[in-house]
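Only one structure is covered here, and it is reproduced in the block below.
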Amino acid sequence: MKYDAIIIGGGAAGLYLAAHLNPLKVLVLEKNSRLGLKLLASGSGQCNLTHGGDIKDFYSHYGEHKNFVKFALSHHDNKAVIRYFESNGLKCVEREDGKVFPATLRSTDVLEVLLKGIQFNRNAKIIKEVKISEIAIDMEDSSYLVRTDSGDFIAKNLIVATGGMTYSRLGTTGDGYAIAEKLGHKVVTAKPGLTSVHCDDRNLLELSGLTFKNIHLSMVKDGQKAKKFSGDLLLTHFGLSGPIILDNSRSLEKGDRLEIQFVDSTFDALEKLFLEIAGSNGEKPLAFFMNKLDIPDRLKPVILGAAGVKKELRLSEVTKPVRKEIIKHLTAYPVTIQSLSGEATAMVSVGGVALEEVSAKHLMSRIRSGLYFIGEVLDIDGDSGGYNLQWAFSSAKTVADHIIKNNTQ
Ligand SMILES: Cc1cc2nc3c(=O)[nH]c(=O)nc-3n(C[C@H](O)[C@H](O)[C@H](O)COP(=O)(O)OP(=O)(O)OC[C@H]3O[C@@H](n4cnc5c(N)ncnc54)[C@H](O)[C@@H]3O)c2cc1C
């Protein structure tokens, strides 16, 4: 039998696509013994499936790839994704921070909706624990032959939905990159994304668990200030994490310096405040000034330690260089990145199938007709907050509509 579509990968994107191809003849090939493992792990098992708000506000959450993602995202937006799950009996809820979850807070329920959608199509088939050995192209009728240990299969359309290369224990080992290259596509070398950073500032590591709301960070590369970020920061036992780090990790590298602005004030304004307070309270200890600042108590000795002073020092005894060191650590606390968390724990891959050879409108290869790439296998990575699953779903639905349209012409 010739299939209308063979989908390689039964994850978020592959399953969403298969669920939208009814009544076409569809085959999903999944290497794991279970489908949708990463979907199940998403949002700590609660599945943050998209984000609230206007879809236009999504575009800037995909690094440099705003112009590419906007076609698929606007074709099938966050409201359409929510509508899909709700019309299939799974109510969704938006949290105060904009993250959207199934009301049951169970990713298994999200997977169940997708599997029911596929079962509804009597022409759909799923083969699990499959090993693909070769993909060949029949030039005469431009169809795809997929050779596997479960048999050989032919289809008019081939969709690569194999995800990225991080969290490889869930089956994502970058296979799609090799498939794309074999079929003539360029691949941007992938690295871990949505990842934390490690540093060896032992005093800061002691503060593990402290969080800072909407803090500012400057990134310094090769001694030059390169970027400023804002967001929520979490100090961990190995370094820095939280949305501000995860969402900007795509541009961070070992050796970069991050300068944390713990106090929401400029250097000059804070120095002026210090001089005012010290001017009329010279006999008071340094702790008197620190207590005027809106920062956690646990952070205060760390700042003074990093500046090389004791909190008992009288304000009148603080010399100009010491004062400047204290203010520097309050407004631009320097942290050098020793490493980024690796492939085992990074939530997405930065890099993948190069976008210039894929049509943004239909996600079809510009090199071979009938070949599509969806989800994380492409060189697309979103911020935390539901942007990656939204991309998986939007790209899948865009391809479903293109295949169905071509099939009926
Ligand atoms: C711990 C964790 C939490 C996350 N939480 C969220 C979240 O809350 N919200 C959010 O938006 N994003 C989240 N993400 C990211 C999101 O899960 C992924 O971006 C998304 O699942 C990508 O979908 P995909 O279908 O492209 O790839 P995947 O879901 O990874 O699916 C790819 C599938 O292809 C299969 N496969 C690979 N190679 C082959 C092969 N050779 N043959 C056959 N099958 C193959 C894999 O086994 C896998 O089943 C999280 C990621 C992780 C790791």
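Quick one: dipole size for the chain, taken about the Cα centre, charges +1 on Lys/Arg Cβ and -1 on Asp/Glu Cβ, in debye to the nearest 20. Could you put the intermediate results ahead of the total?
On the way: 51 positive and 48 negative charges, 50 e Å.
Roughly 240 debye for the chain.
In terms of Cα to Cα distance under 20 Å, which aspartates and glutamates are near enough to residue 66, apart from those fewer than 8 places away along the same chain?
Straight-distance partners of residue 66: 54, 57, 77, 247, 356, 357, 376, 379, 381, 383.
Using the Kirkwood radius over Cα pairs, work out the Stokes-Einstein diffusion coefficient for region 263-381 at 20 °C and 1.002 mPa s, in µm²/s as a whole number.
116
Hey, what do the phi angles of region 255-266 turn into as Karplus ³J(HN,Hα) couplings, whole Hz, using 6.51/-1.76/1.60 and θ = phi - 60°, x for Gly and Pro?
x, 5, 10, 10, 10, 8, 8, 6, 10, 7, 7, 7
Would you please calculate the Kirkwood hydrodynamic radius of region 130-287 over all C-alpha pairs and express it in Å, rounded to one decimal? List each step's numbers first, then the result.
Values: mean 1/r = 0.0488 Å⁻¹.
Hydrodynamic radius (Kirkwood, Cα pairs) of region 130-287 is 20.5 Å.
Which entries in the list 228/254; 38/79; 91/213; 227/311 go over 25 Å, if you measure between the two C-alpha atoms of each?
91/213; 227/311
At a 10 Å Cβ-Cβ cut-off, how would you order 290, 364, 1, fewest neighbours first?
Fewest-to-most ranking of 290, 364, 1: 1, 290, 364.
Using Cα-Cα distances under 8 Å and only pairs 6 or more residues apart, what relative contact order does region 91-185 have, in percent? Present the calculation step by step, with values, prior to reporting the outcome.
On the way: 85 pairs, mean separation 11.2, N = 95.
Computed value for region 91-185: 12 percent relative contact order.
Can you list residues from other chains, or at least 5 along the same chain, whose modelled amide H is less than 5 Å from the amide H of residue 3?
Sorted by chain and number, the residues that satisfy this are 154, 155, 156.
Looking at 299, 237, 331, which one has the Cα that reaches farthest to the positive end of the dipole of region 196-341 (charges on Cβ: Lys, Arg +1; Asp, Glu -1)?
331
Could you put 127, 7 in order, starting from the residue whose Cβ has the fewest other Cβ atoms within 10 Å? Write down the numbers at each step before the final one.
Working: 127 16, 7 31.
Placing the least packed residue first, the sequence is 127, 7.
Looking at 403, 69, 269, which one has the Cα that reaches farthest to the positive end of the dipole of the chain (charges on Cβ: Lys, Arg +1; Asp, Glu -1)?
403
Could you check the spin-label model distance between residue 297 and residue 74? Points 7 Å from the Cα along Cα→Cβ, value in nm.
The answer from the label model is 5.4 nm.
Please compare each pair in 2/25; 125/156; 25/128; 70/361 to a cut-off of 19 Å on the Cα-Cα distance and tell me which ones are over it.
Pairs exceeding the cut-off: none.
Just going by the charge dipole of the chain, with Lys and Arg at +1 and Asp and Glu at -1 on Cβ, which of 204, 252, 33 is farthest out on the positive end?
Checking the options against the dipole of the chain, the answer is 33.
For residue 239, list long-range residues whose amide hydrogen, built 1.01 Å from N in the peptide plane, is under 5 Å from its own amide hydrogen.
Residues meeting the amide H criterion: 199.
Search the structure for amide H atoms under 5 Å from the amide H of residue 51, placed 1.01 Å from N in the peptide plane, and list their residues when 5 or more places away or on another chain.
Here 100 satisfy the definition.
Residue by residue through region 358-371, what is 3J(HN,Hα) from phi via Karplus (6.51 cos²θ - 1.76 cosθ + 1.60, θ = phi - 60°)? Round to whole Hz and write x for glycine and proline.
Each residue of region 358-371 in turn: 10, 6, 5, 6, 10, 6, 8, 4, 7, 9, 10, 5, x, 9 Hz.
Does region 1-101 classify as rounded, prolate or oblate by the C-alpha gyration tensor (a ≥ b ≥ c root eigenvalues; a/c under 1.5 gives rounded; else a/b over b/c gives prolate, otherwise oblate)?
Numbers: a/c = 1.76, a/b = 1.46, b/c = 1.21.
Here region 1-101 falls in the prolate category.
Please report the relative contact order for region 196-341, taking Cα pairs under 8 Å with a sequence separation of at least 6, and give it as a percent rounded to a whole number.
32
Give the order of 168, 107 when sorted by the count of other beta carbons within 10 angstrom, beginning with the fewest.
Listed from fewest to most nearby Cβ atoms, that is 168, 107.
Using each residue's phi in region 174-180, evaluate 6.51 cos²θ - 1.76 cosθ + 1.60 at θ = phi - 60° and report the 3J(HN,Hα) Karplus result to the nearest Hz, with x for Gly and Pro.
Those phi angles translate into x, 4, x, 5, 5, 4, 4 Hz.
If you line up the Cα atoms of the chain on their principal axes, what length do they span on each, largest first, in Å?
Its Cα atoms span 89, 42, 34 Å along the three principal axes.
Can you pull the semi-axes for region 196-341, root of five times each eigenvalue of the Cα gyration tensor, sorted largest first, whole Å? Present the calculation step by step, with values, prior to reporting the outcome.
Values: eigenvalues 160, 44, 35 Å².
Equivalent ellipsoid semi-axes, largest first: 28, 15, 13 Å.
Rank-order 325-335, 296-306 by packing density, defined as the average count of other C-beta atoms within 10 Å over each peptide's residues, highest first.
325-335, 296-306
Report the Cα centroid-to-centroid distance between region 98-168 and region 177-212 in angstrom, as an integer.
For region 98-168 versus region 177-212, the Cα centre distance is 27 Å.
Could you work out the relative contact order of the chain, using alpha carbon pairs under 8 angstrom and six or more residues apart, expressed as a whole percent? Don't jump to the answer; show the numbers that get you there.
On the way: 873 pairs, mean separation 95.6, N = 409.
With pairs under 8 Å counted, the relative contact order is 23 percent.
Roughly what % antiparallel, to the nearest 5, for the DSSP beta bridges in the chain?
Approximately 75 percent, going by the DSSP bridge assignments.
Might you report the magnitude of the Cβ-based charge dipole of region 194-333 about its Cα centre, with Lys and Arg at +1 and Asp and Glu at -1, to the nearest 20 debye?
Computed charge dipole of region 194-333: roughly 180 debye.
Computed from the coordinates by the stated procedures, all read-outs in this text should not be read as laboratory data. If you're wondering where the values come from, they're calculated on a predicted model, not measured in any experiment. Glycine also receives a Cβ, built like all others from the backbone with ideal geometry; neighbour counts cover every protein chain displayed.
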